[in-house]
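Some notes on the structure that comes next.
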Amino acid sequence: MYKTPCRRLSGFVGVHVKQKLLQNAPQSNQTFSCLIQLHRRDPSTWLTYQHLNFLKRLYVTKKGSELHQRAIPKQSHIMNTVDEKDDSLETEVERISAINPLMPDSVSQPDFVAAKLQPKLSTPQPAMEKKTFPERTASQAEACSVEPPHIYVETEEVRQARLDRQWKQLKLDLSELPDIYSRLSKIKLTALVVITAAAGFSMAPVPFDPINFVVSSLGTGLASCAANTINQYFEVPFDSNMNRTKNRPLVRGQISPLHAVSFALACGVPGVALLTLAVNPLTGFLGALNIFLYTCCYTPLKRLSITNTWIGALVGAIPPVMGWTAATGCVDPGALLLGGFLYSWQFPHFNALSWNLREDYSRGGYRMMSVTHPSMCKRVALRHSLALIGLSTMAPVLDVTTWTFPVISLPINLYISYLAFRFYQKGDRNSARKLFFCSLWHLPMLLLLALTCKKYNRGGEDSGPAPLTVPAN
């Protein structure tokens, strides 16, 4: 449109504007002053360089030394393939029926449609391509007719695995109940509790009563079963994270929680009632107190503070006191001495055990000394191992044993103290394992030596052994 170069056009326009301004100088001065005042009052109406540049880019483009107007291209209508087809052809295509791959008669219909579509929709193709299409279609149809249907057949192993992953009703085998109950009650720990209670009963300076001994041992065992079952009921989500406890009955779902709680009630209520009514109320109170301390204090404190170890040691020290009170009906210094033996013995025993299970306890979220305070764990184990020597010396002072007991118990007390000292120095798995296995035979040996050196009369007069009190040599 514009054939004149930019320089000539701008010069021509400038000369023309200058002549007009010289002719109308007075009028133009007034007009310019009005325009200046108008623009000063309203700066938004100013025409800037950016406006001109934008208009230039929008409507005008420069090629070489000429200006050309750029028009916005008009979008052309894009014809679809369906629009270019003939109406009659579309009608024929719509009338094609569904092709069944299993029926051989339906193969001829696509040949007929392809023969009609080819001359109208595309350029002529070679004759070889026309022949291969029906052959390929026929081979596909023949393969589809020969291929068996894809039906998934579930095997018995896959079905059983799928059913195991689903929620299902818990089926309990009655033949497995004794084993489940023994693991719920921690039968080995319960046996240790009963042995210590029996030792406390036998160490009492009174004549031995076999019926009272059996009843008190049975009540103590039932109370221990109830406490251990409730402990496992509370710790199911945490026991599942530990290798040591992941095979417990409640974790594996071998027994329902309601069944476990019912078993705990069936053991705890008769046990406490038996100790209270058949033995004496003091022993029954100590049994109920021990269940409370173990389930409501020790169990939740395992995830809160390391003081759970001291609470657990107190729980373990009560059974020999229960045996003493079952025989005498009162708490004497001898009962407290036997409780002190159990209290101090548990620290080297449990600290050495927990040292090799630190990863498990940490995974389960339990705050044990071996996990959070390893140096304190070793120091406390050594301290209470040495305390066993002092407690053995206090036994003849309190007229519980003769002076022979501190002498004959000194070798085993020195040996466990030596292992505790090595555990304190090294702090490795080997030293912890040796200390733990030593503690397993140390306590029965210590109680047996105390029984052999028992004093039968507090006044110091030897009235002869009571029946069934001292085991035969």
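The values are calculated or read from the model by the stated rules, or taken from the named source; none is laboratory data. Bear in mind the structure is a predicted one, so any value in this text is a computation, not a measurement. Here Cβ is always computed from backbone atoms with ideal geometry, including for glycine, and neighbour counts include all displayed protein chains. Side chains are part of the model used for accessible areas, which takes the heavy atoms of the whole protein and leaves out ligands, DNA and RNA. Shrake-Rupley method; radii C 1.70, N 1.55, O 1.52, S 1.80 Å.
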Sole exception among (1) open to solvent by 10 Å² or more (accessible area, probe 1.4 Å); (2) touching a Leu at 6+ places or on another chain (Cβ under 7 Å) for Ala420, by number: (1)
Condition met for Leu336 (farther than 21 Å from Thr299 by Cβ, assigned to a helix (DSSP H, G or I) and open to solvent by 30 Å² or more (accessible area, probe 1.4 Å)): yes
For residues that are part of a helix (DSSP H, G or I) and in contact (Cβ under 8 Å) with a residue 60 or more places away in the chain, tally how many sit in region 396-418. 1
Count, please, the residues in region 345-381 that happen to be part of a helix (DSSP H, G or I) and open to solvent by 30 Å² or more (accessible area, probe 1.4 Å). 15
Within region 169-273, considering only helices (runs of 4 or more DSSP H) that don't extend past its boundaries, which have at least 1 residues that are among the acidic types (Asp, Glu)? 177-184, 236-239
Of the residues Ala278, Ala260, Ala313, only one is among the hydrophobic types (A, V, I, L, M, F, W, C) and open to solvent by 40 Å² or more (accessible area, probe 1.4 Å); which? Ala278
Kindly check whether there is at least one residue in region 396-410 that is charged (D, E, K, R) and open to solvent by 70 Å² or more (accessible area, probe 1.4 Å). no
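This table checks each residue for (1) more than 22 Å from Gln346 (Cα to Cα); (2) open to solvent by 40 Å² or more (accessible area, probe 1.4 Å).
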site	(1), (2)
Leu192	no, yes
Asp209	yes, yes
Phe213	yes, yes
Pro237	yes, yes
Leu250	yes, no
